[in-house]
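Chemist: Structure provided below as structure tokens; questions to follow.
The values are calculated or read from the model by the stated rules, or taken from the named source; none is laboratory data. No experiment lies behind these values; they were computed from the predicted model shown. We place every Cβ from the backbone using ideal geometry, glycine too, and count neighbours over all the protein chains shown.
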Amino acid sequence: MDNIDRQIINSLQAGFPICDKPYQAIAEPLGLSEHQLISRLQALLDNGTLTRFGPLYHAELMGGALTLAAVTAPEDRFAEITDLINAFPEVAHNYARQHTLNMWFVIATETPEQIQQTLTAIEQKTGLRVYNMPKINEYFVGLKLEA
Amino acid sequence: MIKLDDTDLLIMRATQAGLPLTPQPYQHIAEQLGLTTEVVMSRMTAMQAQGIIRRIGAIPNHYKLGYQFNGMTVWNVPDENIDELGQKVGQLDFVSHCYHRPRHLPDWPYNLFAMVHGKTQADVDSQIQQISDLLGHANRACEVLYSTKILKKTGFRSRS
């Protein structure tokens with residue numbers, strides 16, 4: 001990753017226009033051609049520097065639901081529990097964390113009812129207690145990391 | 001809840017995995033869906049104005065940008081002033097997400113969650129100290145849960 005990649009990442013975290021030639025609109029102020037921007041963006045996605053690029057939809061406003069949940073996975077079953085939980089398509093993110101509650105995952109479903117169904121199914125599959133921590137209020141969401 | 005019509009849903013499903021990396025991505029989507037480019041752009045503009053599209057942009061992998069220390073800081077603060085405290089913590093420029101979430105007593109006494117990101121342990125320590133200073137006496141207990149591994153990360157996808 002060089003300075004141009006950093007500028008691209010910083011610029012694209014701020015937003016992307018809806019217009020006929022949006023890549024050209026972003027490329028120009030960076031001193032790049034449209035083609036150069038697209039190929040660098042492709043490379044950043046291919047090598048995992050960017051996990052995705054595109055519209056970020058607000059699940060709850062569309063009637064969908066989200067929650068954060070955690071389990072204590074015993075060390076000797078950690079890989080097995082990871083596979084069991086990740087196999088659920090409703091599980092969007094899953095992180096290992098240093099704590100007694102050592103696995104934290106986000107569940108996204110099309111309806112609020114499916115959240116409880118998914119939590120119950122994960123408890124049944126893993127035999128673990130799932131701590132459900134849905135948001136009660138949101139104060140800020142706006143990930144911006146200086147590259 | 002905002003009701004989307006079939007055209008909005010078509011566009012959402014065609015774009016939630018990402019935007020095409022072609023010079024005219026909205027035209028590309030329109031051709032795929034049998035719509036005009038104008039319809040795709042106007043629907044997406046409207047969805048963004050309504051907040052259905054939070055934003056269009058890039059999501060980086062923290063680790064690849066050098067942010068090795070990604071901490072979920074969790075705080076036990078009084079419920080009666082959590083909204084005021086949450087707003088203040090959420091405004092700190094190093095906090096990427098901030099939420100009020102339920103306690104699970106006695107195992108889990110924390111109700112305020114703030115995600116922080118740093119390139120060094122010292123960066124994150126200083127961020128945690130700033131949150132602690134801001135909360136003052138309202139902070140009855142806290143912990144920091146560092147992520148050690150991304151086990152799964154996908155976009156939120158509709159399955160239909």
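Chemist: Need pairs with beta-carbon distance below 6 Å; first residue among the β-branched types (Val, Ile, Thr) and within the stretch A:3-31, second outside any helix (DSSP H, G or I); sequence gap 6+ or separate chains.
Modeler: Matching pairs, first to second residue: A:Ile9/A:Ala147; A:Ile9/B:Pro60.
Chemist: Could you check B:Pro106 against (1) touching a residue at least 40 places away in the same chain (Cβ under 8 Å); (2) more than 9 Å from chain A (Cβ to nearest Cβ) and say which number it fails?
Modeler: All conditions pass for B:Pro106, except number (1).
Chemist: Filter the stretch A:1-56 down to residues that are in contact with a Leu (Cβ under 9 Å, 6 or more places away or on another chain) and closer than 16 Å to B:Tyr26 by Cα, then give me how many there are.
Modeler: 9
Chemist: Let me ask something additional. Considering each of A:Thr72, A:Thr49 in turn, give the residue that is among the polar types (S, T, N, Q) and at the interface with chain B (Cβ under 8 Å from one of its Cβ atoms).
Modeler: Result of the check over A:Thr72, A:Thr49: A:Thr49.
Chemist: Specify which of the listed residues (A:Ala147, A:Ala70, A:Ala121) is in contact (Cβ under 8 Å) with a residue 24 or more places away in the chain, aliphatic (A, V, I, L, M) and within 30 Å of B:Gln50 (Cβ to Cβ).
Modeler: Only one candidate passes the filter, namely A:Ala147.
Chemist: Does B:Tyr63 satisfy being buried (at least 19 other Cβ atoms within 10 Å of the Cβ), closer than 21 Å to B:Leu145 by Cβ, hydroxyl-bearing (Ser, Thr, Tyr) and more than 8 Å from chain A (Cβ to nearest Cβ)?
Modeler: Considered against the rule, which asks whether it is buried (at least 19 other Cβ atoms within 10 Å of the Cβ), closer than 21 Å to B:Leu145 by Cβ, hydroxyl-bearing (Ser, Thr, Tyr) and more than 8 Å from chain A (Cβ to nearest Cβ), B:Tyr63 comes out as no.
Chemist: Now for a different question. Run A:Glu110 past the list (1) more than 9 Å from chain B (Cβ to nearest Cβ); (2) surrounded by 15 or more Cβ atoms within 10 Å (Cβ to Cβ) and report the number of the one that doesn't hold.
Modeler: (1)
Chemist: Is it the case, given these coordinates, that A:Gly48 is on the phi > 0 side of the Ramachandran plot, among the small types (Gly, Ala, Ser), touching a strand residue (DSSP E or B) at 6+ places or on another chain (Cβ under 7 Å) and surrounded by fewer than 18 Cβ atoms within 10 Å (Cβ to Cβ)?
Modeler: Answer is no for this residue.
Chemist: Among (1) surrounded by 13 or more Cβ atoms within 10 Å (Cβ to Cβ); (2) modelled with pLDDT under 95, there is one condition B:Gln91 misses while meeting the rest; what is its number?
Modeler: (1)
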